[in-house]
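Chemist: To start, I am sharing the structure in question, which I have written as structure tokens.
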Amino acid sequence: MSLRSLALSALLAGLSAPSLAGSITLQATVRDF
Amino acid sequence: MVGCGNHVDFDNNGVLSVAGAVKSTIGADRKPVFNASPSSVFSTAANFDQWYRDTAGVNRTIATSLTLNETAPGSGMYEYLNSAYFPIDGQGWGNQGNARNYHFTMELHSSFTYRPGQTLNFTGDDDVWVFIDDRLVIDLGGIHPAQSASVNLDTLGLTAGQTYAFDFFFAERHLTQSNLRMQTSIDFNSGTVPEPASLGLVALALVGAGVARRRATR
């Protein structure tokens, strides 16, 4: 298998892999009283 | 004066839900504007103005973050769930003799691109106010047990593809529980984090393609 074919396979695998759950992190400010 | 020592509005022994405690439009400085009549849970506008503003001798400010995790891979639904939301135990003024650091406010500001079908569900205590596009869309003011509210963004008259402000305000004011649950399909512009495995495969592919192209041109 050529390097080009390997690269194409990896790209397709990466794009079609069942993705794990993502996350969103929001910056926040807490004030203590 | 009652209260937690630093501020009369915190643990002043009242338990009362108050709708309309802030105005329906966010202030020019992106803070909620006091709109309540004096009650057992709200004193004055001047006191309220200290909740979300640095005030020497009254509050201490601590930077933190809130991470919402996707509920199922690819679902586009993100959730933060914490039935004991005490992010500053032992920090700021300390726990003041209590098991947890109960008296605090939290605010976060972000933006998002509106897509039809987006929703926001919230459950928590005590006060929660959420503004989208500068308009109050969740109004759970007062000292109270956990309460829930939902927003279907399709009802807000937003334009698909446009970017809007999101401003969130929370206060924990009572020596009991602190619940915080936010579930949303809003894709905040702070960015989703792709999972590393598939990202690595794509990176590997790009490197491989580059090497293959370089070899081919020799």
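Chemist: Return B:GLU107, B:GLU172 ranked ascending by Cβ neighbour count within 10 Å, so the fewest neighbours appear first.
Modeler: Numbers: B:GLU107 19, B:GLU172 30.
Ranked by crowding around the Cβ, least crowded first: B:GLU107, B:GLU172.
Chemist: Enumerate the whole-percent occupancy of each 5 Å bin, from 0 to the last occupied one, for all C-alpha pair distances of the stretch B:52-144.
Modeler: Taking every Cα pair in the stretch B:52-144, the percentages come to 2, 9, 17, 22, 20, 14, 8, 5, 2, 0.
Chemist: Now for a different question. Between B:ASN98 and B:ASN35, take the C-beta separation as r, use R0 = 22 Å, and let me know the FRET efficiency to the nearest 0.05.
Modeler: FRET efficiency, B:ASN98 to B:ASN35: 0.15.
Chemist: Pairwise over distinct Cα atoms, reciprocal of the mean inverse distance: report the Kirkwood radius of the stretch B:16-217 in Å, one decimal place. Intermediate values should be presented prior to the final figure.
Modeler: Numbers: mean 1/r = 0.0524 Å⁻¹.
One over the average 1/r among Cα pairs gives 19.1 Å for the stretch B:16-217.
Chemist: How would you rank B:THR155, B:THR71, going from fewest to most other Cβ atoms within 10 Å of each one's own Cβ?
Modeler: Values: B:THR155 8, B:THR71 14.
Ordered from fewest to most neighbouring Cβ atoms within 10 Å, B:THR155, B:THR71 come out as B:THR155, B:THR71.
Chemist: Could you list which residues have their amide H under 5 Å from that of B:GLN147, counting only those 5 or more apart in sequence or on another chain, with H placed in the peptide plane?
Modeler: B:GLY124, B:ASP125
Chemist: Please rank A:ARG31, B:ARG115, fewest neighbouring Cβ atoms within 10 Å first, as an exposure proxy. All intermediate terms of the calculation are to be shown ahead of the outcome.
Modeler: On the way: A:ARG31 24, B:ARG115 15.
Listed from fewest to most nearby Cβ atoms, that is B:ARG115, A:ARG31.
Chemist: For the stretch B:25-102, rounded, prolate or oblate, judged on the Cα gyration tensor with a ≥ b ≥ c (square roots of eigenvalues), a/c < 1.5 rounded, else prolate if a/b > b/c? Could the numbers behind the result be given before it?
Modeler: On the way: a/c = 2.16, a/b = 1.37, b/c = 1.58.
Because a/c hits 1.5 or more and a/b fails to exceed b/c, the stretch B:25-102 counts as oblate.
Chemist: Follow-up. Using label points projected 7 Å from each Cα along Cα→Cβ, tell me how many nm separate B:ARG115 and B:SER24, to one decimal.
Modeler: The answer from the label model is 3.0 nm.
Chemist: Now a separate question. What are the ³J(HN,Hα) couplings of the stretch B:136-149, residue after residue, when phi is run through the Karplus curve with 6.51, -1.76, 1.60 and θ = phi - 60°? Round to Hz, x for glycine and proline.
Modeler: Once rounded to whole Hz, the list reads 5, 10, 10, 9, 10, x, x, 9, 7, x, 4, 10, 10, 8.
Chemist: Treating the beta-carbon of each Lys and Arg as +1 and of each Asp and Glu as -1, no other charges, what is the dipole magnitude of the stretch B:16-217 about its Cα centre, to the nearest 20 debye?
Modeler: Roughly 640 debye, rounded to the nearest 20.
Chemist: Now, a different point. Which far-off residues, 5 or more places away or on another chain, put their amide H under 5 Å from the one on B:ASP187, with H placed in the peptide plane?
Modeler: B:THR113
Chemist: Enter the Cα centre distance for the pair the stretch B:102-135 and the stretch B:1-76, rounded to the nearest angstrom.
Modeler: 13 Å
Chemist: Which number comes out as Rg/Rh for the stretch B:9-50 once both Rg and the Kirkwood Rh are worked out on C-alpha atoms?
Modeler: On the way: Rg = 10.6 Å, Rh = 10.9 Å.
Radius of gyration over Kirkwood radius for the stretch B:9-50 works out to 0.97.
Chemist: Right, here's the next one. Provide the per-residue ³J(HN,Hα) series for the stretch B:176-190, in order, calculated from phi with Karplus coefficients 6.51, -1.76, 1.60 and θ = phi - 60°, each as a whole number of Hz, with x at glycine and proline positions.
Modeler: Karplus-based 3J(HN,Hα) across the stretch B:176-190 equals 9, 6, 9, 9, 8, 9, 10, 10, 8, 9, 5, 9, 4, 6, 5 Hz.
Throughout, read-outs are computed from the coordinates displayed, never taken from laboratory work. Remember, it's a predicted structure, so these values are computed and weren't measured experimentally. Cβ: placed from backbone, ideal geometry, glycine included. Neighbour counts: every protein chain shown.
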